[in-house]
Amino acid sequence: MIKNLIPAVLLTATILACGCQQQKSIAKTLPDPNLIPAANFDTVIDGKKVGLHTLRNGLLTMQTTNFGGRVVSLFVPNNDTILDIVVGHNTIREYTNYIHERYLGACVGPVANRIVGASFSVDGQIYKLSANHGGTGTLHGGFKGLDSQVWDVKAQTDSTITYHFLHADGMEGFPGNCDIDMTYSLTNDGSWRIDYLATTDQTRPVNISNHPYFNLAGGEGLSLDYIIQINGDSITGLDGANILEPASIVGTEMDYRQPHAVRDAVESPNEQMRRGNHGFDHNYVVNLKPEQDTTFVASVLNPDNGLCVEVFSDQPGLQVYSGQYWKGTEIGKNGKTIDRNSSFTYETQHYPDSPNHPSFPDTFLRPGEEYHHTCIYRFSTKK
C-alpha cells in the first residue's frame, strides 16, 4: 500500500530515510504509557466542560482534549520501549496560561497560517479580521481561533473521537456559520489519521490544520540531526509580513526531495532561512498525485533511535517549522524545558494568505459545498 502512495522517483529515498518497509519486530511486552490523569483537565471554560480523552489501537495511545482539539500525549513503540513523541503540558492550566506557545498541539483555524493585512474580499465586499499577528495580520484564525475553543465531543470509540465546533458568523470577523467536524483515528497500520469536514451558509475561506510538535526521542535532545524528506520543489517564501508566489528551491539548501539533515538548511546562509529566524517556518508546495486519495508529503527520522514519522495528505501545502522560536523558558511534560530546535512540525494545509492570492489553490468554501481534508501521520522504526 505504501508503495502505491509514494511517487516512484521518491520511493527509494523514502525507504532509506524511514525504513517503512523494514519495520522492526516489536517486543510483545512493552511498558505501559505514563498517562496524564484525566483530572488534570477536568474544568469548565466559557461555560463548557473540558476533558481529557484517551484513544488506543494496537500499540498506539493518544490523549487529546476538547480544548482546542489538542493532542496532549502520543505514545509510539520504539524498539523495546514506548515514547511520548509530542511536546505538551501536564495540565489544562498550562495550556490556558501559556508562557510562549499558544498553539501547542492544537487544531488551528478556521484559516490556518497567515492572512496578510488581516482582511480579504468576497464578491467585492471587504472583511476585516482580528489583527493578532504583529498588529497587522491574522494568524491561525485570530485572537480566539479553533485552538482556543471548547469543542463538543460528538462521538467516541476506543480508537476514534469526533470533535464538533460551530464557528459562528462574525467570529474574529469571518462571515457565515462554519460547521466543523474533526475526527482523530488511531488505525491498524500504526497511524494517527485526521479527517476534517466543514460546511458553511456564507462564502468564507476555510483552511484547517493541526499543530503537533514532534520530539522523536520522547522529549529529549534537539531536532537538528533529524533526517527529513519533503515532496516539494518550491515554496511560498517569506518577505517580511508578506507571502511570496511559489519559487523553486531545487538545488538549494531547502531542497529536501532527497533526505538529509535538518541542520543542513538551518545552519546554511540561505536567505529564506535567515528570514525564518534561522529555521524552517515555510510552506512547501506539495507535488500532489490527484489520482490518489492521499499523497506522500514528507517524513522525519530520528537517526539515533530509528523512529520515523511519514506524512500523507490531500492538501496542496505543507508548513514546516523547526521550533526556532522556543526560548527554553517554558516547561513541558515531566519537567522538561522546551528548547530552541527541540521539536519539528509538519502541518498539512493550503498556502498561507491564500484568500488574497487568486493564483493560489482556492480556499473559499461556498454554501452547498463541503470542505474535506485528510492528514495521516504514520509511525515506524527503522532497523
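General remarks:
- Single match in L307, L365 (criterion: out of contact with any helix residue (DSSP H, G or I) (no Cβ under 7 Å at 6 or more places or on another chain), open to solvent by less than 20 Å² (accessible area, probe 1.4 Å), over 27 Å from P259 (Cα atoms) and among the hydrophobic types (A, V, I, L, M, F, W, C)): L365
- Count of segment 82-136 residues, restricted to those that are in contact with a Leu (Cβ under 7 Å, 6 or more places away or on another chain), part of a strand (DSSP E or B) and β-branched (V, I, T), is 4.
- Pairs, first touching a residue at least 60 places away in the same chain (Cβ under 8 Å) in segment 194-205, second of a type in the set (K, R), C-beta under 6 Å, six or more apart: T203/R366
- Residue identified as small (G, A, S), modelled with pLDDT under 95 and open to solvent by less than 30 Å² (accessible area, probe 1.4 Å) among G332, G317: G332
- Count - residues of segment 338-381 that are outside any loop (DSSP other than H, G, I, E, B), farther than 30 Å from I82 by Cβ and not hydroxyl-bearing (S, T, Y): 5
- For the residues A247, A168, A261, the requirement of being without any contact (Cβ under 8 Å) to a residue 60 or more places away in the chain, under 30 Å from K336 (Cα atoms) and surrounded by fewer than 22 Cβ atoms within 10 Å (Cβ to Cβ) singles out A261.
- The residues on offer are D293, D339, D314, D264, and the sole one that is within 17 Å of the chain's Cα centre (by Cα), of a type in the set (D, E, K, R) and on the phi < 0 side of the Ramachandran plot is D314.
- Filtered residues of segment 212-244 (kept if farther than 25 Å from G306 by Cβ and open to solvent by 30 Å² or more (accessible area, probe 1.4 Å)): D233, D239, G240, A241, N242, L244
- Filter result for G145 (small (G, A, S) and modelled with pLDDT under 95): no
- Subset of segment 66-95 (residues that are more than 18 Å from R378 (Cβ to Cβ), β-branched (V, I, T) and over 16 Å from the mean Cα position of the chain (by Cα)): T81, T91, I92
- Test for D147: is it in contact with a His (Cβ under 8 Å, 6 or more places away or on another chain), within 22 Å of S313 (Cα to Cα), outside any loop (DSSP other than H, G, I, E, B) and open to solvent by 20 Å² or more (accessible area, probe 1.4 Å): no
- Residue in segment 132-139 that is in contact with a helix residue (DSSP H, G or I) (Cβ under 6 Å, 6 or more places away or on another chain) and open to solvent by less than 50 Å² (accessible area, probe 1.4 Å) present: yes
- Condition check for V320 on (1) closer than 24 Å to T136 by Cα; (2) outside any loop (DSSP other than H, G, I, E, B); (3) out of contact with any Phe, Trp or Tyr (no Cβ under 6 Å at 6 or more places or on another chain); (4) in contact (Cβ under 8 Å) with a residue 40 or more places away in the chain: one failure, at (3).
Table: residues versus (1) in contact with a helix residue (DSSP H, G or I) (Cβ under 6 Å, 6 or more places away or on another chain); (2) free of Cβ contacts under 8 Å to residues at least 12 places away in the same chain; (3) of a type outside the set (S, T, Y); (4) open to solvent by 10 Å² or more (accessible area, probe 1.4 Å).
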{"position": "R274", "(1), (2), (3), (4)": "no, yes, yes, yes"}
{"position": "K289", "(1), (2), (3), (4)": "no, no, yes, yes"}
{"position": "F296", "(1), (2), (3), (4)": "yes, no, yes, no"}
{"position": "P303", "(1), (2), (3), (4)": "no, no, yes, yes"}
{"position": "E347", "(1), (2), (3), (4)": "no, no, yes, no"}
{"position": "Y377", "(1), (2), (3), (4)": "no, no, no, no"}
{"position": "T381", "(1), (2), (3), (4)": "no, no, no, no"}
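- Looking only at segment 150-159, and only at residues there that are open to solvent by 50 Å² or more (accessible area, probe 1.4 Å) and in a loop (DSSP other than H, G, I, E, B), the one that is farthest from Q202 (Cα to Cα): D158
- Complete set of residues in segment 240-261 that are over 26 Å from D362 (Cβ atoms), more than 21 Å from the chain's Cα centre (by Cα) and among the hydroxyl-bearing types (S, T, Y): T252
- Just one of the numbered conditions (1) open to solvent by 30 Å² or more (accessible area, probe 1.4 Å); (2) in contact (Cβ under 8 Å) with a residue 12 or more places away in the chain; (3) out of contact with any Leu (no Cβ under 7 Å at 6 or more places or on another chain) is not true of N57: (3).
- For L197, the conditions (1) open to solvent by 40 Å² or more (accessible area, probe 1.4 Å); (2) of a type outside the set (D, E, K, R); (3) more than 21 Å from the chain's Cα centre (by Cα) are fulfilled apart from (3).
The values are calculated or read from the model by the stated rules, or taken from the named source; none is laboratory data. All values derive from a computational prediction rather than experimental measurement. Neighbour counts run over all protein chains shown; Cβ positions are idealised from the backbone, glycine included. To get the accessible areas, we keep the full protein, side chains included, count just its heavy atoms, and leave off ligands, DNA and RNA. Shrake-Rupley method; radii C 1.70, N 1.55, O 1.52, S 1.80 Å.
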